[in-house]
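Below is one structure, written out as structure tokens, with a few remarks after it.
A short reminder: the numbers here are calculations on the coordinates, not readings from a lab. These numbers were taken from a predicted model, which means no experiment stands behind them.
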């Protein structure tokens, strides 16, 4: 075969492979959100980790535009709702459009397609991002109402803090009793979570928010993720799982570099475990992004070899910057380019549809 024919044959094979990839739909989707995680946060973590992050394993990258329906700068409620439900809404609103009409999330859509579903966060499960996948409320501060929405949601596994909003309520109800009636095992520490072998799990492992990674949280996010994947994988039709690295945002609100890097690396450790699972499984799409950037972080200098980085924060608040999107697995190529944050959820829905 001539060199020309070899090149032509290789090109045809490449086109065939890309077409086959584009037509493939994932059985499972793992949606990972680093709250407040902009490009500078990623690069700071990469520098501190000696020029290495698990994120680098994602072959497709893009950007997301984050503004909300009523503000150039989104908050986590509107940002989470856009990522979860595929609609722009007003800052402060959870799972609703700007007219206060409840809208279904991609988790609801996955459940309607007979998939198991889960939510994990390193904050209270009633906080803005996890709440956006299960709840519908006008105000993100309505923690008790959001907790009650978990009983109305099709979610099978949820792990994080927020026990108080289920048990020490103004209405005197103990929602953990109602969860048990719905078939949930209610676990209040991570040992119980890790020991779960099957079934529905409500892992409420802190009264409000779990500690920071530097404050002793340990491997809550990693162990919770491994447990959720084990439980949800038992469903015949696949699963949808949302994982939030919540406290990257909190560190940036405090303009605390070491806190931010520790949370970034904890989140990336979970990304590594998820990508290992997806690579072995071969039928799992992983999408990693952020709801917004926090802190206006600038990198001033760094040393990969020493793992040292010098940064400067420019605000205590969120910014309007685009944030990165990373994707791995079947359908990952669709997430390249610049998208509205609402498009990410809608692209996942299209890939999950029958």
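When a/c is below 1.5 the answer is rounded, else prolate if a/b is larger than b/c, else oblate, so apply that to region 131-221 with a ≥ b ≥ c taken from the square roots of the Cα gyration tensor eigenvalues.
Values: a/c = 1.65, a/b = 1.19, b/c = 1.38.
Taking the square roots of the gyration eigenvalues as a ≥ b ≥ c, region 131-221 is oblate.
Here are a few candidate values for Rg and Dmax of the Cα atoms in Å: (1) 29.2, 96; (2) 20.1, 80; (3) 25.6, 91. Which one was actually calculated from the structure I just gave you? Only one option fits the structure, namely (2).
What 222 nm value per residue comes from the helices of the chain, counting each DSSP H run with n ≥ 4 as -39,500 (n - 2.57) and dividing by all residues, nearest 500 deg cm²/dmol? Working shown, then result.
Working: 13 runs with 136 residues, N = 354.
It lands at -11500 deg cm²/dmol.
Have a look at the DSSP beta bridges in region 170-311 and tell me what percent are antiparallel, nearest 5.
Working: 4 of 8 bridges.
Here the antiparallel bridges make up roughly 50 percent for region 170-311.
With both bridge residues required to lie in the chain, what share of the DSSP beta bridges run antiparallel, to the nearest 5%? Roughly 35 percent of the beta bridges in the chain run antiparallel, per DSSP. Within the listed set 101, 42, 125, the Gaussian network model of the chain (springs between alpha-carbon atoms below 10 Å) gives the highest mean-square fluctuation for 101.
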